[in-house]
Structure formats: C-alpha cells, structure tokens
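The values are calculated or read from the model by the stated rules, or taken from the named source; none is laboratory data. Remember, it's a predicted structure, so these values are computed and weren't measured experimentally. Cβ: placed from backbone, ideal geometry, glycine included. Neighbour counts: every protein chain shown.
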Amino acid sequence: MHASRSRVCVYCGSRSGAQPIYEEAARALGCGLANHGIGLVYGGGATGIMGALADATLAAGGEVIGVIPRALLARELAHKRLSELIVVDDMAQRKAQMATRAQALIGLPGGLGTLEELSEALSWAQLNLHHKPIYLLNTNGYFDALISFLQQAVTADFLQPEHQALLRVFTEVDSLLTTIYEGDII
Ligand code: AMP
C-alpha cells in the first residue's frame, strides 16, 4: 500500500447504531475510497462505525490514518492495525490534525463527538477558516432532524442560506463517492 495522494477526513460514531445499515454504509464508503486510492483520516478508534470504516478500508488495501489523543490511547481505545496512528495531546490538536491532512470532510452517523466535529468544520468554513467541502451521509434518514434544524435556523434568520449550503447532504454512499471521485479534491 502506498501513501495516498488524496485523503478524506471522516467523523463518525464510536458506537455501531441500532441497525446494521449504519455499519454497512460505512464499510461501503471505506471500500470505495480504497478502490480509488483515496486515503482515510479519522479518529483512530476501533469500535462502532469508526472501526467498521477503518477495517473495510484496510481490507480493501486503502490507507488509514488515525489521530488519537494520548488519553484515549492509554485507555486502549485505538485501532491496532492502522497505516499510521498519530498521537496528539488533546482533542483540539486531534481535530486540527484530522482536518489538515484531508481535502474533504465527511460526517457519518454518530453521537455527540461526531456532532461536535461536524459542527466545528461547518462553523470554521462559515468563517472562511478553511474551504474544504463538507459532506454528510444521511444513512437511513439518521440526520433528518439536524437537516430540519438547519432549515429552521435559516427561517429564524440565525443562519445564512449560503452557509446552510456548506453542508452537502447525500442519502446514498454511491452518490457521495461519485462526488468525491469527480470533485476537485482528487
Ligand atoms: P461519538 O459520535 O460520540 O461516538 O464520537 C465519535 C467521534 O469522536 C469520532 O469521530 C472520534 O473522532 C471521536 N471519538 C469519540 N470516542 C472515541 C473513541 N473511543 N476512540 C476514538 N475516537 C473517539
């Protein structure tokens, strides 16, 4: 396996979710990335959607870089078989390293950690602190309420429509992959 020229950063759950479709979508994404020589940067965990995504990418011969804070490493939460594991001092450094190493940022189903990472990616894009595309995979309608909330924020005039549009929503893995392959990140 060679170091990838292009990489995407994925934010996703440390838990698997209640239905197999969440892990299945993550595995399909990992496989598609690997098949196109696109590397994965993620939180470095071995469990849940994170573990499924990393395992599928590695199994298909892809490059997987994990970025994990020392405290989580000490609790043995890190994936043991990654192409590279970058250990950082804290969560802020982790997010910075994850985003810096990728040309696009992707949210998959997850909990508060995922929401926080995705939210920062969006708010920093809104401030022009980065210009990386931000994609959301809305598997099984998991993020419907978040999407509605953002629409409500526009209606209430707390969010500008052009900033709402920073989040590009996909229902299917294939259409997300096609956008990544055809996008200007490659
Ligand atoms: P959550 O969505 O709350 O499960 O949190 C997942 C996100 O937070 C991931 O994108 C990771 O960057 C980070 N994270 C939370 N828990 C862990 C863990 N056990 N191992 C590695 N990263 C984690």
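Against the list (1) farther than 17 Å from residue 112 by Cβ; (2) near the ligand (Cβ under 10 Å from one of its atoms); (3) out of contact with any strand residue (DSSP E or B) (no Cβ under 9 Å at 6 or more places or on another chain), the condition residue 66 fails is (3).
Could you tell me whether any residue of segment 133-140 is of a type outside the set (Val, Ile, Thr) and in contact (Cβ under 8 Å) with a residue 60 or more places away in the chain? Full working, then the answer.
Step one: of segment 133-140, the residues of a type outside the set (Val, Ile, Thr) are 133, 135-138, 140.
Then keep just the ones that are in contact (Cβ under 8 Å) with a residue 60 or more places away in the chain; that gives 137, 140.
Yes, the conditions are met somewhere in segment 133-140.
You will find that of 125, 92, the residue that is at pLDDT below 95 and away from the ligand (no atom under 11 Å from the Cβ) is 92 and no other. Of the candidates 135, 181, 142, the single residue that is within 25 Å of residue 4 (Cβ to Cβ) and either in contact with a helix residue (DSSP H, G or I) (Cβ under 6 Å, 6 or more places away or on another chain) or at pLDDT 95 or above (or both) is 135. Taking the criterion of being within 12 Å of the ligand (Cβ to nearest atom) and within 21 Å of the chain's Cα centre (by Cα), the residues of segment 72-83 that qualify are 72, 73, 77, 78, 79, 82.
Let's see how each residue does on (1) assigned to a helix (DSSP H, G or I); (2) not small (Gly, Ala, Ser):
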residue: 80; (1), (2): no, yes
residue: 99; (1), (2): yes, no
residue: 109; (1), (2): no, yes
residue: 114; (1), (2): yes, yes
residue: 119; (1), (2): yes, no
residue: 123; (1), (2): yes, no
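The rows are residues; the columns are (1) closer than 26 Å to residue 178 by Cβ; (2) of a type outside the set (D, E, K, R).
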{"position": "117", "(1), (2)": "yes, no"}
{"position": "121", "(1), (2)": "yes, yes"}
{"position": "125", "(1), (2)": "yes, yes"}
{"position": "131", "(1), (2)": "yes, yes"}
{"position": "135", "(1), (2)": "yes, yes"}
{"position": "144", "(1), (2)": "yes, no"}
{"position": "149", "(1), (2)": "no, yes"}
{"position": "154", "(1), (2)": "no, yes"}
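For segment 41-63, filtered to residues that are without any contact (Cβ under 8 Å) to a residue 60 or more places away in the chain and away from the ligand (no atom under 12 Å from the Cβ), the residue that is surrounded by the fewest Cβ atoms within 10 Å (Cβ to Cβ) is 59. Under the condition of being crowded, with 18+ Cβ neighbours inside 10 Å, of a type in the set (Ser, Thr, Tyr) and in a loop (DSSP other than H, G, I, E, B), the residues counted in segment 129-186 number 1. Applying the set (1) modelled with pLDDT under 95; (2) surrounded by fewer than 19 Cβ atoms within 10 Å (Cβ to Cβ); (3) touching a helix residue (DSSP H, G or I) at 6+ places or on another chain (Cβ under 8 Å) to residue 73 leaves exactly one unmet item: (3). The lone criterion from (1) of a type in the set (S, T, N, Q); (2) exposed (fewer than 15 other Cβ atoms within 10 Å of the Cβ); (3) at negative phi; (4) out of contact with any helix residue (DSSP H, G or I) (no Cβ under 9 Å at 6 or more places or on another chain) left unmet by residue 97 is number (2).
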